[in-house]
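The values are calculated or read from the model by the stated rules, or taken from the named source; none is laboratory data. As the structure is a prediction and not an experimental result, all values here were calculated from the model. Note: ideal-geometry Cβ built from the backbone for every residue, glycine included; neighbour counts use all protein chains shown.
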Amino acid sequence: MTAPETQEQLSQVLARLQAMASARGVDAALVGGCLRDQLVGRAAVRRNVDIAVSRDAVALARALAEALGGTFVPLDDAQGTARVVTGAGADRLELDLSDFRGPTLEEDLRRRDFTINAMAVRLPDWLARSTEPHGWIDPLDGRKALAERRLTACFPETFRDDPLRILRAFRFAALLGFAFDAALAPLMRSAVDRLERVSGERIRDELLAIFEAPKAGWAVHELAALGALERIIPELAAGRGMAQGGYHHLDVLGHGLETVRQADEILEDFAEFSPRFREPLRTYCGEELVAGRSRRSLIKLAGLLHDVGKPATRDVHPDGEIWFLGHEHAGAQLASPIVERLRLSNREGQMVCQLVRHHLRPGFLSREPQLTRRALYRFYKDLGDDGPACVLTWWSDRLATRGPSSNVAQIPQQRARTEEILEPYFFRAEEIIRPPRLLDGHRVMQEFRLTAGPKVGALLALVEEAQAEGRIRTVDEALSLLRAHVAQDGTPPSGVAATS
């Protein structure tokens with residue numbers, strides 16, 4: 001379902017497109033997900049509209065982008081596909097234009113992925129009645145499949161034609177709750193080995209879209225069963241069948257999959273947490289670090305990868321206990337090439353690797369007799385804005401750990417401790433995490449006759465930590481602290497300026 005202002009914006013853009021297409025003698029039709037969502041009354045997560053044109057899609061997209069003052073993005077010149085992007089944030093609109101995949105619009109629809117996406121309405125018909133369009137073109141009974149909540153391939157070679165459609169099938173199922181047609185699994189299985197040929201960018205878009213869905217855990221579990229998950233992230237394969245000892249009831253791979261499922265439940269409504277935390281967490285997790293890709297999806301990806309370093313660090317002691325010392329550091333090293341292959345942005349890749357490297361830390365904090373302001377400050381000093389995501393990754397991990405040695409009686413206490421860790425970020429940031437600066441570098445250099453260098457930064461960090469702990473509150477107290485620190489050093493600090 002489209003909000004009135006959104007519908008109006010879309011209608012204006014499509015009217016401009018139709019005028020340009022008509023002037024060029026080009027037939028244009030609305031196809032795919034936008035129509036599907038309109039039929040089921042579902043608000044689109046991303047405002048992305050597919051347009052099929054009889055010819056010259058790339059040239060038409062370029063001209064439309066120029067006319068709208070938008071951005072032209074070539075997708076595939078050989079296949080005749082391009083994107084036009086207008087607006088930003090909530091007003092961002094993407095139009096994907098593509099040439100007919102055959103001599104007619106009907107033939108184009110028969111060559112698409114799934115019957116629920118193989119419907120079209122010609123642009124003049126849609127513009128005439130955009131809220132209740134007429135003139136539906138539906139050669140494969142897509143509306144019937146939609147009503148039956150069933151995912152059916154348009155033709156037997158659909159996955160061999162484009163193996164990325166395997167991931168897309170699970171995305172639709174996870175997002176819409178659709179069941180697979182009986183023929184779908186064998187068709188997907190026959191094309192799994194072709195996934196290795198698909199670009200990292202396309203894999204990334206579908207995989208993170210799966211992680212945005214409320215049933216991502218189910219989807220990645222089924223992708224693993226199909227053999228597709230290890231084709232796109234082969235580093236996970238070593239964890240299949242690897243036992244972990246008494247704290248775990250699943251092997252390493254199974255535990256990663258279960259962590260995603262737990263994250264699904266936690267991130268759906270944040271009911272695990274007290275009411276005052278729910279809206280801040282919802283806003284935080286919904287923030288997009290890149291357009292269309294939120295923290296929610298990255299937390300689930302990190303949940304899948306958090307123990308990827310365990311196979312390389314597994315050690316069985318003489319008493320039979322299994323240890324994985326340092327697996328978080330080994331995992332972060334393995335996660336780095338994974339996020340590079342998936343072509344995540346630098347910020348996204350940094351976040352995922354941070355969460356893998358530090359996923360044990362909230363657990364360590366939860367076992368402290370008392371959670372000090374210093375411990376909280378240092379946690380957020382290291383993790384910054386990724387701190388809450390790290391807590392959520394650990395909590396998903398904790399709830400996915402249910403072996404015979406796992407103490408479930410600790411869970412209520414640990415849940416309360418997660419809120420203690422989260423509270424400074426959402427409610428006391430200036431007090432504990434980012435206290436207002438009492439001194440700047442120039443004052444420190446002047447006071448202690450220093451030149452610019454690491455020593456100045458170390459002294460400023462000392463002041464900030466003392467503020468976070470509540471030990472100092474004024475400039476004079478900060479200077480007294482530093483004087484005592486420098487005097488206690490016993491030697492002149494490095495970088496002392498030369499004096500006559």
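At-a-glance table
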quantity	calculated
Scope the stretch 80-90; condition in contact with a Ser or Thr (Cβ under 7 Å, 6 or more places away or on another chain) and not in a strand (DSSP E or B); matching residues	80
Looking only at the stretch 270-313, and only at residues there that are among the acidic types (Asp, Glu) and at pLDDT 95 or above, the one that is farthest from residue 330 (Cα to Cα)	279
Residue match in the stretch 95-113 (condition: under 23 Å from residue 288 (Cβ atoms) and part of a strand (DSSP E or B))	yes
Residue match in the stretch 324-343 (condition: touching a residue at least 40 places away in the same chain (Cβ under 8 Å), under 20 Å from residue 264 (Cα atoms) and either buried (at least 21 other Cβ atoms within 10 Å of the Cβ) or not hydrophobic (A, V, I, L, M, F, W, C) (or both))	no
Residue list for the stretch 297-324, filter: in contact with an Asp or Glu (Cβ under 7 Å, 6 or more places away or on another chain), farther than 14 Å from residue 394 by Cα and assigned to a helix (DSSP H, G or I)	297
Where a residue in the stretch 406-417 is in a helix (DSSP H, G or I) and its partner, wherever it lies, is at pLDDT 90 or above and of a type in the set (Phe, Trp, Tyr), with Cβ under 9 Å and at least six apart	414/395; 415/273; 415/395
Single unsatisfied condition, residue 165 versus (1) basic (Lys, Arg); (2) in the same structural domain as residue 261 (by TED's automatic domain parsing); (3) in contact with a Phe, Trp or Tyr (Cβ under 6 Å, 6 or more places away or on another chain)	(2)
Qualifying residue in the stretch 230-251 (condition: out of contact with any Pro (no Cβ under 7 Å at 6 or more places or on another chain), among the aromatic types (Phe, Trp, Tyr), touching a residue at least 40 places away in the same chain (Cβ under 8 Å) and closer than 30 Å to residue 428 by Cα)	no
Subset of the stretch 271-296 [part of a loop (DSSP other than H, G, I, E, B) and closer than 29 Å to residue 233 by Cα]	287, 291, 292
Residues of the stretch 129-139 satisfying the condition of being at pLDDT below 90 and either among the hydrophobic types (A, V, I, L, M, F, W, C) or buried (at least 17 other Cβ atoms within 10 Å of the Cβ) (or both)	130, 133
Filter result for the condition that a residue is at pLDDT 85 or above, over 44 Å from the mean Cα position of the chain (by Cα) and surrounded by fewer than 16 Cβ atoms within 10 Å (Cβ to Cβ), over 437, 449, 471	449
Matching option when the condition is among the hydroxyl-bearing types (Ser, Thr, Tyr) and over 23 Å from residue 203 (Cβ atoms), among 274, 297	274
Exclusive hit being without any contact (Cβ under 8 Å) to a residue 24 or more places away in the chain, surrounded by 18 or more Cβ atoms within 10 Å (Cβ to Cβ) and among the small types (Gly, Ala, Ser), set 65, 29	65
Residue 282 within 15 Å of the chain's Cα centre (by Cα), buried (at least 20 other Cβ atoms within 10 Å of the Cβ) and among the basic types (Lys, Arg)	no
Residue among 86, 71, 131 that is of a type in the set (Val, Ile, Thr) and touching a Gly at 6+ places or on another chain (Cβ under 9 Å)	86
Single match in 206, 230, 196 (criterion: part of a helix (DSSP H, G or I), surrounded by fewer than 23 Cβ atoms within 10 Å (Cβ to Cβ), at pLDDT below 95 and not polar (S, T, N, Q))	196
Among the residues listed as 160, 171, 149, the single one being touching a helix residue (DSSP H, G or I) at 6+ places or on another chain (Cβ under 9 Å) and surrounded by 17 or more Cβ atoms within 10 Å (Cβ to Cβ)	171
